[in-house]
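The values are calculated or read from the model by the stated rules, or taken from the named source; none is laboratory data. Please read all numbers here as calculations on a predicted model, not as lab measurements. FYI the Cβ positions are ideal-geometry reconstructions off the backbone, even for glycines, and counts take in every protein chain you see.
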Amino acid sequence: MLSENMNFYIDPSRCIGCQACVQACGECDTHKGHPMIHLEYVDRAHSTQTAPVVCMHCNHPTCAKVCPADAIKKTPDGVVQSARKPRCIACSNCVLACPFGVPKMKSDFELMMKCDMCYDRTSEGKRPMCATVCPSQALFFGTQEQIEQLRPRSKPVNEFKFGREVVRTKVRMMVPIEAAIEHIDVTAAMDAQTTSRRVRLNVVPEDAFDAMSASLFEPELEGSSQ
Amino acid sequence: MKFLFRKSPDAGESTPQWAKDFPINVEEDNYVARRDFTKFMVLTSFAFFAGQCWIGMQNVIRKKRGEPAMTAIADLKQVPVGTVLPFSYPGEHDPCLLIRRSETELVAYGQKCTHLSCAVTPQVEQLLCPCHEGCFDMTNGRPISGPPRRPLPLIELSVRGGTIYATGVQERTV
(Lines give C-alpha, C1' and ligand atoms only; values in the text may rest on other atoms or scores of the structure.)
Protein backbone atom coordinates (compact mmCIF):
# COMPACT_ATOMS: atom_id res chain seq x y z
CA MET A 1 0.00 0.00 0.00
CA LEU A 2 1.29 3.40 -1.01
CA SER A 3 1.97 5.74 1.92
CA GLU A 4 -0.74 8.38 2.07
CA ASN A 5 1.49 11.39 2.49
CA MET A 6 3.88 10.45 -0.32
CA ASN A 7 3.17 12.25 -3.57
CA PHE A 8 4.55 12.49 -7.05
CA TYR A 9 5.43 15.99 -8.26
CA ILE A 10 6.32 16.87 -11.84
CA ASP A 11 8.07 20.11 -12.68
CA PRO A 12 8.50 20.19 -16.47
CA SER A 13 10.40 23.49 -16.31
CA ARG A 14 13.24 21.69 -14.51
CA CYS A 15 13.46 18.95 -17.15
CA ILE A 16 16.81 18.96 -18.98
CA GLY A 17 15.90 16.21 -21.45
CA CYS A 18 18.65 13.80 -20.33
CA GLN A 19 16.48 10.70 -20.86
CA ALA A 20 17.71 9.20 -17.56
CA CYS A 21 14.11 8.56 -16.49
CA VAL A 22 13.37 6.76 -19.76
CA GLN A 23 16.44 4.55 -19.36
CA ALA A 24 15.73 3.81 -15.70
CA CYS A 25 12.10 2.97 -16.47
CA GLY A 26 13.12 0.67 -19.31
CA GLU A 27 15.40 -1.33 -17.02
CA CYS A 28 12.51 -2.53 -14.91
CA ASP A 29 11.38 -6.07 -15.70
CA THR A 30 7.81 -5.64 -14.46
CA HIS A 31 7.09 -4.13 -17.87
CA LYS A 32 9.45 -6.28 -19.87
CA GLY A 33 12.14 -3.67 -20.53
CA HIS A 34 9.87 -1.13 -22.20
CA PRO A 35 10.01 2.43 -20.82
CA MET A 36 6.59 3.55 -19.64
CA ILE A 37 7.59 7.21 -19.40
CA HIS A 38 7.49 9.58 -22.36
CA LEU A 39 9.90 12.45 -22.78
CA GLU A 40 8.08 14.95 -24.98
CA TYR A 41 9.48 18.01 -26.74
CA VAL A 42 7.28 21.00 -26.00
CA ASP A 43 8.00 22.65 -29.36
CA ARG A 44 10.82 20.92 -31.16
CA ALA A 45 11.09 23.54 -33.91
CA HIS A 46 11.84 26.40 -31.54
CA SER A 47 13.17 24.96 -28.34
CA THR A 48 15.01 22.06 -26.77
CA GLN A 49 12.64 22.16 -23.79
CA THR A 50 11.34 18.71 -22.89
CA ALA A 51 8.66 17.53 -20.51
CA PRO A 52 8.45 14.10 -18.87
CA VAL A 53 5.02 12.45 -19.05
CA VAL A 54 4.12 9.83 -16.47
CA CYS A 55 0.67 8.52 -15.66
CA MET A 56 -1.19 11.22 -13.73
CA HIS A 57 -3.34 8.62 -11.89
CA CYS A 58 -6.69 10.41 -12.27
CA ASN A 59 -9.27 10.21 -9.49
CA HIS A 60 -11.77 9.08 -12.12
CA PRO A 61 -9.54 7.44 -14.73
CA THR A 62 -10.92 7.84 -18.26
CA CYS A 63 -8.83 4.90 -19.48
CA ALA A 64 -10.58 2.56 -17.03
CA LYS A 65 -14.00 4.05 -17.82
CA VAL A 66 -13.69 3.30 -21.55
CA CYS A 67 -12.16 -0.17 -21.11
CA PRO A 68 -14.69 -2.67 -22.55
CA ALA A 69 -12.82 -5.61 -21.02
CA ASP A 70 -12.75 -4.31 -17.43
CA ALA A 71 -8.96 -4.63 -17.46
CA ILE A 72 -7.83 -1.36 -15.83
CA LYS A 73 -8.27 -1.05 -12.07
CA LYS A 74 -7.49 1.56 -9.45
CA THR A 75 -6.07 0.41 -6.13
CA PRO A 76 -7.40 1.94 -2.86
CA ASP A 77 -4.26 4.13 -2.62
CA GLY A 78 -5.27 5.87 -5.88
CA VAL A 79 -2.80 4.22 -8.26
CA VAL A 80 -4.29 3.30 -11.64
CA GLN A 81 -2.70 -0.02 -12.53
CA SER A 82 -1.54 -1.20 -15.92
CA ALA A 83 -3.99 -3.39 -17.87
CA ARG A 84 -4.50 -6.90 -16.53
CA LYS A 85 -2.96 -9.31 -18.99
CA PRO A 86 -5.72 -11.97 -18.96
CA ARG A 87 -8.39 -9.34 -19.58
CA CYS A 88 -6.83 -6.83 -21.99
CA ILE A 89 -8.08 -7.32 -25.56
CA ALA A 90 -5.68 -4.77 -27.08
CA CYS A 91 -8.51 -2.59 -28.41
CA SER A 92 -6.58 0.68 -27.80
CA ASN A 93 -9.66 2.44 -26.39
CA CYS A 94 -7.62 3.63 -23.40
CA VAL A 95 -4.82 4.89 -25.65
CA LEU A 96 -7.33 7.06 -27.51
CA ALA A 97 -9.24 8.14 -24.43
CA CYS A 98 -6.46 9.18 -22.03
CA PRO A 99 -6.33 13.00 -21.97
CA PHE A 100 -2.61 12.91 -21.13
CA GLY A 101 -1.67 10.37 -23.81
CA VAL A 102 -0.10 7.97 -21.31
CA PRO A 103 -1.15 4.37 -22.15
CA LYS A 104 0.89 2.57 -24.77
CA MET A 105 -0.36 -0.31 -26.87
CA LYS A 106 2.21 -3.05 -27.16
CA SER A 107 0.92 -4.97 -30.15
CA ASP A 108 3.68 -7.62 -29.75
CA PHE A 109 2.14 -8.66 -26.43
CA GLU A 110 -1.42 -7.60 -27.38
CA LEU A 111 -1.40 -5.68 -24.14
CA MET A 112 -1.77 -2.08 -23.04
CA MET A 113 1.08 -1.04 -20.79
CA LYS A 114 1.33 2.16 -18.84
CA CYS A 115 3.12 3.79 -15.93
CA ASP A 116 1.87 2.38 -12.61
CA MET A 117 4.06 4.66 -10.48
CA CYS A 118 6.40 1.65 -9.99
CA TYR A 119 3.79 0.04 -7.75
CA ASP A 120 6.18 -2.77 -6.81
CA ARG A 121 8.59 -0.14 -5.40
CA THR A 122 6.29 2.59 -4.08
CA SER A 123 4.03 0.13 -2.23
CA GLU A 124 7.16 -0.97 -0.35
CA GLY A 125 8.11 2.59 0.57
CA LYS A 126 10.67 3.11 -2.20
CA ARG A 127 10.62 5.92 -4.76
CA PRO A 128 9.70 5.25 -8.42
CA MET A 129 12.67 4.52 -10.69
CA CYS A 130 12.34 7.77 -12.66
CA ALA A 131 12.27 9.92 -9.52
CA THR A 132 15.39 8.23 -8.14
CA VAL A 133 17.49 8.98 -11.22
CA CYS A 134 16.20 12.42 -12.29
CA PRO A 135 19.28 14.70 -11.86
CA SER A 136 17.28 17.96 -11.82
CA GLN A 137 14.45 16.44 -9.77
CA ALA A 138 11.88 17.44 -12.36
CA LEU A 139 10.34 14.18 -11.21
CA PHE A 140 10.09 14.31 -7.45
CA PHE A 141 8.56 11.78 -5.10
CA GLY A 142 8.12 12.82 -1.51
CA THR A 143 5.93 14.54 1.04
CA GLN A 144 4.13 17.88 0.77
CA GLU A 145 6.46 19.33 3.44
CA GLN A 146 9.56 18.27 1.51
CA ILE A 147 8.42 19.88 -1.75
CA GLU A 148 7.38 23.08 0.01
CA GLN A 149 10.81 23.35 1.56
CA LEU A 150 12.68 22.49 -1.63
CA ARG A 151 10.62 24.63 -4.05
CA PRO A 152 9.52 27.78 -2.24
CA ARG A 153 8.69 29.51 -5.54
CA SER A 154 6.40 26.76 -6.83
CA LYS A 155 3.17 25.16 -5.77
CA PRO A 156 1.54 21.90 -6.78
CA VAL A 157 -1.65 21.80 -8.87
CA ASN A 158 -3.62 18.64 -9.56
CA GLU A 159 -6.61 19.97 -11.49
CA PHE A 160 -6.57 19.96 -15.27
CA LYS A 161 -9.16 21.29 -17.69
CA PHE A 162 -9.79 19.84 -21.11
CA GLY A 163 -12.44 22.15 -22.49
CA ARG A 164 -15.27 21.69 -20.02
CA GLU A 165 -13.98 18.44 -18.58
CA VAL A 166 -12.19 18.73 -15.26
CA VAL A 167 -9.69 16.02 -14.40
CA ARG A 168 -8.26 15.71 -10.91
CA THR A 169 -5.16 13.62 -10.52
CA LYS A 170 -3.03 12.00 -7.86
CA VAL A 171 0.20 13.21 -9.46
CA ARG A 172 0.79 16.95 -9.04
CA MET A 173 2.23 19.45 -11.50
CA MET A 174 4.39 22.31 -10.19
CA VAL A 175 3.38 25.85 -11.23
CA PRO A 176 4.85 29.23 -10.19
CA ILE A 177 3.51 30.20 -6.79
CA GLU A 178 2.80 33.77 -7.97
CA ALA A 179 0.43 32.50 -10.64
CA ALA A 180 -2.92 32.64 -8.90
CA ILE A 181 -4.32 29.59 -10.62
CA GLU A 182 -6.24 26.63 -9.39
CA HIS A 183 -6.12 24.56 -12.56
CA ILE A 184 -4.13 24.00 -15.73
CA ASP A 185 -6.10 24.58 -18.92
CA VAL A 186 -4.60 22.05 -21.29
CA THR A 187 -6.73 22.55 -24.39
CA ALA A 188 -6.18 26.30 -24.31
CA ALA A 189 -2.55 25.64 -25.18
CA MET A 190 -3.37 23.58 -28.26
CA ASP A 191 -2.85 26.46 -30.72
CA ALA A 192 -0.32 28.32 -28.63
CA GLN A 193 2.85 29.46 -30.39
CA THR A 194 6.18 29.69 -28.68
CA THR A 195 8.42 32.64 -29.37
CA SER A 196 12.15 32.32 -29.82
CA ARG A 197 13.85 30.45 -26.99
CA ARG A 198 11.14 31.09 -24.49
CA VAL A 199 8.49 28.48 -24.20
CA ARG A 200 5.28 29.81 -22.85
CA LEU A 201 2.05 27.97 -23.46
CA ASN A 202 -1.41 29.16 -22.53
CA VAL A 203 -1.79 26.48 -19.90
CA VAL A 204 -2.11 29.20 -17.29
CA PRO A 205 -4.11 32.39 -17.87
CA GLU A 206 -2.21 35.32 -19.40
CA ASP A 207 -3.09 37.79 -16.63
CA ALA A 208 -1.64 35.39 -14.11
CA PHE A 209 1.67 35.68 -15.93
CA ASP A 210 1.44 39.45 -15.97
CA ALA A 211 0.89 39.43 -12.25
CA MET A 212 4.03 37.43 -11.80
CA SER A 213 7.21 39.22 -10.98
CA ALA A 214 9.50 39.86 -13.95
CA SER A 215 12.34 38.32 -12.00
CA LEU A 216 11.11 34.86 -13.00
CA PHE A 217 12.51 35.46 -16.46
CA GLU A 218 16.00 36.75 -17.11
CA PRO A 219 15.98 40.23 -18.67
CA GLU A 220 18.36 39.19 -21.46
CA LEU A 221 16.04 36.34 -22.39
CA GLU A 222 13.17 38.81 -22.58
CA GLY A 223 15.20 41.06 -24.85
CA SER A 224 16.15 38.27 -27.25
CA SER A 225 12.54 37.34 -27.92
CA GLN A 226 11.17 39.03 -31.01
CA MET B 1 -13.24 -15.64 4.42
CA LYS B 2 -12.67 -11.99 5.32
CA PHE B 3 -14.50 -10.78 2.24
CA LEU B 4 -17.71 -12.42 3.46
CA PHE B 5 -17.97 -10.08 6.39
CA ARG B 6 -16.85 -6.86 4.76
CA LYS B 7 -19.31 -4.05 4.36
CA SER B 8 -20.42 -3.37 0.80
CA PRO B 9 -18.59 -0.34 -0.59
CA ASP B 10 -21.04 2.38 -1.40
CA ALA B 11 -20.77 3.16 -5.08
CA GLY B 12 -23.27 6.03 -4.81
CA GLU B 13 -26.86 6.41 -5.93
CA SER B 14 -26.14 8.21 -9.18
CA THR B 15 -23.80 5.47 -10.45
CA PRO B 16 -25.41 3.55 -13.33
CA GLN B 17 -25.89 -0.19 -12.99
CA TRP B 18 -23.24 -1.09 -15.59
CA ALA B 19 -20.66 0.89 -13.65
CA LYS B 20 -21.63 -0.96 -10.46
CA ASP B 21 -21.26 -4.27 -12.28
CA PHE B 22 -17.77 -3.40 -13.54
CA PRO B 23 -16.29 -1.10 -10.88
CA ILE B 24 -12.96 0.61 -11.46
CA ASN B 25 -11.78 0.43 -7.86
CA VAL B 26 -10.09 -2.82 -6.88
CA GLU B 27 -11.88 -2.87 -3.53
CA GLU B 28 -15.34 -2.83 -5.13
CA ASP B 29 -14.21 -5.22 -7.87
CA ASN B 30 -13.08 -7.83 -5.32
CA TYR B 31 -16.20 -7.47 -3.21
CA VAL B 32 -18.40 -10.57 -3.16
CA ALA B 33 -21.85 -10.17 -1.61
CA ARG B 34 -22.84 -12.87 0.88
CA ARG B 35 -25.96 -13.60 -1.16
CA ASP B 36 -23.94 -14.05 -4.40
CA PHE B 37 -21.49 -16.35 -2.65
CA THR B 38 -24.30 -18.51 -1.22
CA LYS B 39 -26.00 -18.63 -4.62
CA PHE B 40 -22.74 -19.76 -6.21
CA MET B 41 -22.19 -22.48 -3.60
CA VAL B 42 -25.75 -23.84 -3.87
CA LEU B 43 -25.76 -23.90 -7.66
CA THR B 44 -22.30 -25.48 -7.86
CA SER B 45 -23.26 -28.20 -5.37
CA PHE B 46 -26.43 -28.85 -7.34
CA ALA B 47 -24.41 -29.14 -10.58
CA PHE B 48 -22.07 -31.68 -8.96
CA PHE B 49 -25.04 -33.67 -7.62
CA ALA B 50 -26.74 -33.68 -11.04
CA GLY B 51 -23.47 -34.80 -12.65
CA GLN B 52 -23.15 -37.74 -10.27
CA CYS B 53 -26.77 -38.76 -10.98
CA TRP B 54 -26.08 -38.60 -14.70
CA ILE B 55 -23.01 -40.88 -14.39
CA GLY B 56 -24.97 -43.36 -12.26
CA MET B 57 -27.81 -43.41 -14.77
CA GLN B 58 -25.40 -44.06 -17.64
CA ASN B 59 -23.98 -47.05 -15.73
CA VAL B 60 -27.43 -48.53 -15.20
CA ILE B 61 -28.36 -48.09 -18.86
CA ARG B 62 -25.09 -49.67 -20.01
CA LYS B 63 -25.62 -52.71 -17.79
CA LYS B 64 -29.19 -53.12 -19.02
CA ARG B 65 -28.06 -53.04 -22.65
CA GLY B 66 -25.84 -56.08 -22.09
CA GLU B 67 -23.07 -57.45 -24.30
CA PRO B 68 -23.20 -56.75 -28.06
CA ALA B 69 -24.12 -59.74 -30.20
CA MET B 70 -21.52 -61.87 -31.92
CA THR B 71 -21.17 -60.74 -35.53
CA ALA B 72 -19.37 -62.27 -38.50
CA ILE B 73 -16.91 -59.81 -40.00
CA ALA B 74 -15.14 -61.58 -42.83
CA ASP B 75 -13.65 -64.81 -44.05
CA LEU B 76 -10.07 -65.47 -43.06
CA LYS B 77 -9.21 -65.67 -46.76
CA GLN B 78 -10.37 -62.07 -47.29
CA VAL B 79 -7.63 -60.79 -45.01
CA PRO B 80 -4.19 -61.85 -46.22
CA VAL B 81 -1.18 -61.25 -43.92
CA GLY B 82 -0.26 -57.56 -43.67
CA THR B 83 -3.63 -56.18 -44.75
CA VAL B 84 -6.24 -54.14 -42.98
CA LEU B 85 -10.00 -54.46 -43.31
CA PRO B 86 -12.41 -51.77 -42.09
CA PHE B 87 -15.70 -52.90 -40.55
CA SER B 88 -18.35 -51.66 -38.16
CA TYR B 89 -18.99 -53.15 -34.72
CA PRO B 90 -21.15 -53.27 -32.61
CA GLY B 91 -23.29 -50.61 -34.33
CA GLU B 92 -23.32 -49.16 -37.79
CA HIS B 93 -21.60 -45.98 -36.60
CA ASP B 94 -18.73 -47.64 -34.74
CA PRO B 95 -15.97 -47.98 -37.34
CA CYS B 96 -13.25 -50.50 -36.57
CA LEU B 97 -10.11 -51.85 -38.18
CA LEU B 98 -9.28 -55.54 -38.53
CA ILE B 99 -5.53 -56.04 -38.85
CA ARG B 100 -3.80 -59.30 -39.75
CA ARG B 101 -0.24 -58.91 -38.55
CA SER B 102 0.90 -62.47 -39.22
CA GLU B 103 -0.50 -65.90 -40.04
CA THR B 104 -1.67 -66.37 -36.45
CA GLU B 105 -1.95 -62.82 -35.09
CA LEU B 106 -5.26 -61.09 -35.74
CA VAL B 107 -6.23 -57.87 -33.96
CA ALA B 108 -9.07 -55.37 -34.22
CA TYR B 109 -9.45 -51.87 -32.73
CA GLY B 110 -12.06 -49.16 -32.78
CA GLN B 111 -11.07 -46.57 -35.36
CA LYS B 112 -12.03 -43.48 -33.37
CA CYS B 113 -9.00 -41.76 -31.85
CA THR B 114 -9.43 -41.46 -28.07
CA HIS B 115 -8.41 -37.80 -28.22
CA LEU B 116 -11.08 -36.19 -30.43
CA SER B 117 -12.57 -39.10 -32.37
CA CYS B 118 -10.78 -38.61 -35.69
CA ALA B 119 -10.31 -41.80 -37.74
CA VAL B 120 -6.94 -43.47 -37.19
CA THR B 121 -5.11 -44.80 -40.25
CA PRO B 122 -2.80 -47.82 -40.30
CA GLN B 123 0.91 -47.13 -40.80
CA VAL B 124 3.95 -49.39 -40.37
CA GLU B 125 3.52 -50.98 -36.90
CA GLN B 126 1.48 -47.95 -35.84
CA LEU B 127 -1.97 -46.45 -36.08
CA LEU B 128 -1.72 -42.75 -36.83
CA CYS B 129 -4.36 -40.14 -36.13
CA PRO B 130 -3.62 -37.37 -38.66
CA CYS B 131 -5.60 -34.67 -36.81
CA HIS B 132 -3.07 -34.05 -34.03
CA GLU B 133 -0.33 -36.58 -34.87
CA GLY B 134 -1.47 -39.11 -32.28
CA CYS B 135 0.20 -42.53 -32.57
CA PHE B 136 -1.04 -45.90 -31.28
CA ASP B 137 0.85 -49.16 -31.00
CA MET B 138 -0.52 -51.68 -33.49
CA THR B 139 0.17 -54.67 -31.22
CA ASN B 140 -2.02 -53.53 -28.30
CA GLY B 141 -3.69 -50.25 -29.31
CA ARG B 142 -1.99 -48.22 -26.61
CA PRO B 143 -0.97 -44.60 -27.26
CA ILE B 144 2.70 -44.00 -28.08
CA SER B 145 2.87 -40.28 -28.78
CA GLY B 146 0.69 -37.24 -29.31
CA PRO B 147 -2.33 -36.00 -27.39
CA PRO B 148 -4.31 -39.27 -26.86
CA ARG B 149 -3.89 -40.73 -23.35
CA ARG B 150 -6.25 -43.74 -23.48
CA PRO B 151 -5.81 -46.83 -25.68
CA LEU B 152 -8.15 -47.57 -28.59
CA PRO B 153 -11.11 -49.87 -27.74
CA LEU B 154 -10.11 -53.46 -28.32
CA ILE B 155 -12.51 -55.66 -30.33
CA GLU B 156 -12.52 -59.24 -29.10
CA LEU B 157 -12.29 -61.69 -31.97
CA SER B 158 -12.76 -65.39 -32.46
CA VAL B 159 -12.17 -67.50 -35.54
CA ARG B 160 -14.51 -70.41 -36.19
CA GLY B 161 -14.42 -72.49 -39.32
CA GLY B 162 -12.47 -69.94 -41.34
CA THR B 163 -14.76 -67.04 -40.43
CA ILE B 164 -13.77 -64.15 -38.18
CA TYR B 165 -16.34 -63.10 -35.57
CA ALA B 166 -16.38 -60.04 -33.36
CA THR B 167 -17.52 -61.07 -29.90
CA GLY B 168 -17.22 -58.00 -27.73
CA VAL B 169 -15.67 -54.57 -27.11
CA GLN B 170 -13.13 -53.80 -24.39
CA GLU B 171 -13.23 -50.09 -23.48
CA ARG B 172 -9.92 -49.59 -21.74
CA THR B 173 -8.69 -46.66 -19.68
CA VAL B 174 -5.01 -47.59 -19.36
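A few comments on the model shown:
- With respect to being surrounded by fewer than 16 Cβ atoms within 10 Å (Cβ to Cβ), in contact with a strand residue (DSSP E or B) (Cβ under 7 Å, 6 or more places away or on another chain) and either closer than 29 Å to A:Ala188 by Cα or away from every other protein chain (no Cβ under 14 Å) (or both), A:Ser107 falls outside the description.
- Residue within region B:20-39 that is more than 14 Å from chain A (Cβ to nearest Cβ), assigned to a helix (DSSP H, G or I) and of a type in the set (Gly, Ala, Ser) present: no
- Whichever residue in region A:44-62 is surrounded by 15 or more Cβ atoms within 10 Å (Cβ to Cβ) and more than 21 Å from A:Cys98 (Cβ to Cβ) and, among such residues, is modelled with the highest pLDDT: A:Gln49
- Selection within region A:28-41 - in a loop (DSSP other than H, G, I, E, B) and in contact with a Pro (Cβ under 7 Å, 6 or more places away or on another chain): A:Ile37
- Among the residues of region B:96-137, those identified as within 17 Å of the chain's Cα centre (by Cα), among the hydrophobic types (A, V, I, L, M, F, W, C) and part of a loop (DSSP other than H, G, I, E, B) are B:Cys113, B:Leu116, B:Cys118, B:Val120, B:Cys131.
- Exactly one residue among A:Cys18, A:Cys25 is touching a residue at least 24 places away in the same chain (Cβ under 8 Å) and either within 14 Å of another protein chain (Cβ to nearest Cβ) or part of a helix (DSSP H, G or I) (or both), and that residue is A:Cys25.
- Lone qualifier among B:Ile144, B:Ile155 - being among the β-branched types (Val, Ile, Thr), part of a strand (DSSP E or B), more than 22 Å from B:Lys63 (Cα to Cα) and in contact with a Cys (Cβ under 7 Å, 6 or more places away or on another chain): B:Ile144
- When residues of region A:53-92 are limited to those that are over 18 Å from the mean Cα position of the chain (by Cα) and among the β-branched types (Val, Ile, Thr), the one farthest from the other protein chains (Cβ to nearest Cβ): A:Ile89
- Residues of region B:99-118 that are exposed (fewer than 15 other Cβ atoms within 10 Å of the Cβ) and over 29 Å from B:Asp75 (Cβ atoms): B:Leu116, B:Ser117.
- If you go through region B:119-168 and keep only what is touching a residue at least 40 places away in the same chain (Cβ under 8 Å), touching a Leu at 6+ places or on another chain (Cβ under 9 Å) and buried (at least 18 other Cβ atoms within 10 Å of the Cβ), you end up with B:Leu152, B:Ile155, B:Ile164, B:Ala166.
- Here B:Val32 fulfils each of the conditions (1) among the β-branched types (Val, Ile, Thr); (2) at pLDDT 90 or above; (3) not assigned by TED's automatic domain parsing to the domain that holds B:Val120 apart from (2).
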